[in-house]
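Only one structure is covered here, and it is reproduced in the block below.
Read-outs throughout are calculated quantities, based only on the coordinates presented, and are distinct from any laboratory measurement. Only a predicted model underlies this, so the values are computations on that prediction, with no experimental measurement involved. Cβ sites come from the backbone with ideal geometry, for glycine too, and all protein chains shown count toward neighbours.
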Amino acid sequence: MTQIDLIGIGAPIVDSVAQVPETFLAQISGAKGGMELINDEIMFSILGKLPAPPVEASGGSAGNTIQCATRLGLKTSFIGKLGNDAAADFYRENFRKVGVDVTRFKRAELPNARCLALVTPDSQRTMRTNLGASLTLSPADVTVDDFANCRHAHFEGYLLFNRELALHLLKCAKQTGCSISLDLGSHEVVTANRELLPQILAEYVSLLVANEDEAAVLTGLDKNHSEQTALALGNYCNTTVLNLGKNGSLIAANGELHRIPVNLVENPVDTTGAGDSWLAGFLYGWLNNNPLAVSGRYGAILGAEVVQQVGASIPEARWVEIKRQIAAI
Ligand SMILES: Nc1ncnc2c1ncn2[C@@H]1O[C@H](COP(=O)(O)OP(=O)(O)OP(=O)(O)O)[C@@H](O)[C@H]1O
Ligand SMILES: [Mg+2]
């Protein structure tokens, strides 16, 4: 079995972006601009009414990190549950083409997870998500064998909405001796798991990643005191990253703080996926035994790339330049 540097665990979500006229929103339920969870039936009905086919990409938080890390040269794999439709095949095939080991995907006889962004002429995005097959990943689907020969396992925070599953997966990873990272993913995840998180972090996680909103809920500290918050995060596990958007990142380890500057993009097109791609750059550096500050600068290079694109993926043509910038550090 081939050695895997990094395995991601999360929901394999197909991101679909469709341009629609303002009047289209009148045909769907819910408010403009937000994100709402919908069922299979409603997703199909919206897809069926679109004026033109959507632009699709393989996404998901951990999924984005894994694809970028693979492009940088890490040997990667992924655990998540695909559906049984064309979207599932598209997702798996995309991963295979990028170079991800796709042997650990699970399948369910359900539609694949999909996040549909309806973009109106005013550039606003109205998101509707159907988690479909991805939600049915269960402890019975995954064993320690899925983590065999993996050096590091990266978990997306959304997994914590299913605690039994998350704990099972963390235990499997730990049993095989993987180091573990967790990106908290959203402040809702932290709020729902506020009591449990300190124990999970202490027992399983060696690298914690949070943005300001997530860190504020976890530490109970004010968002305006980022250094204090970053140091407080450091009490939960070995190495912690606090992402501060256009203010860069703060990494805490062994009671010391490292400030990672942003590669500032003045007018970002769309900041979706900034944290996910930042982490791919960081993990690439970290798993190749680079100092934290160097790994963080790799992260900043990737974060700056993705905010110049619509959506969470970085186009093929940019990777030569990204690798040149990394080599120059
Ligand atoms: N305007 C920007 N210009 C350049 N780089 C940026 C910009 N915004 C974010 N980044 C980079 O991306 C990193 C992570 O972004 P951010 O702090 O927004 O994470 P996040 O809130 O977790 O993002 P996400 O919405 O993807 O979860 C930042 O530390 C920075 O390096
Ligand atoms: Mg994030």
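Odds and ends about this structure:
- Value of D in µm² per second that Stokes-Einstein yields for the range 189-329, Kirkwood Rh from Cα pairs, at 4 °C (1.567 mPa s): 84
- Cα-based radius of gyration for the chain, normalised by 2.2 N^0.38 Å, reads 0.95.
- Karplus 3J(HN,Hα) series, Hz, for the range 254-270 with 6.51 cos²θ - 1.76 cosθ + 1.60 (x for Gly, Pro): 6, x, 10, 10, 10, 8, 9, x, 7, 8, 4, 10, 4, 10, x, 6, 6
- Karplus-derived 3J(HN,Hα) values for the range 177-192, using 6.51 cos²θ - 1.76 cosθ + 1.60 with θ = phi - 60°, are x, 5, 7, 10, 10, 9, 9, 4, x, 7, 5, 5, 4, 5, 4, 5 Hz; glycine and proline are entered as x.
- On Cα atoms only, tilt of 86-98 relative to the major axis of the chain in degrees: 40
- C-alpha long axis of helix 40-49 to longest principal axis of the chain, angle in °: 60
- Neighbour counting of Cβ atoms within 10 Å sorts the residues 319, 278, 286, fewest neighbours leading, into 319, 286, 278.
- Integer Hz, Karplus 6.51/-1.76/1.60 couplings in order for the range 210-218, x for Gly and Pro: 9, 9, 4, 5, 5, 5, 4, 5, 5
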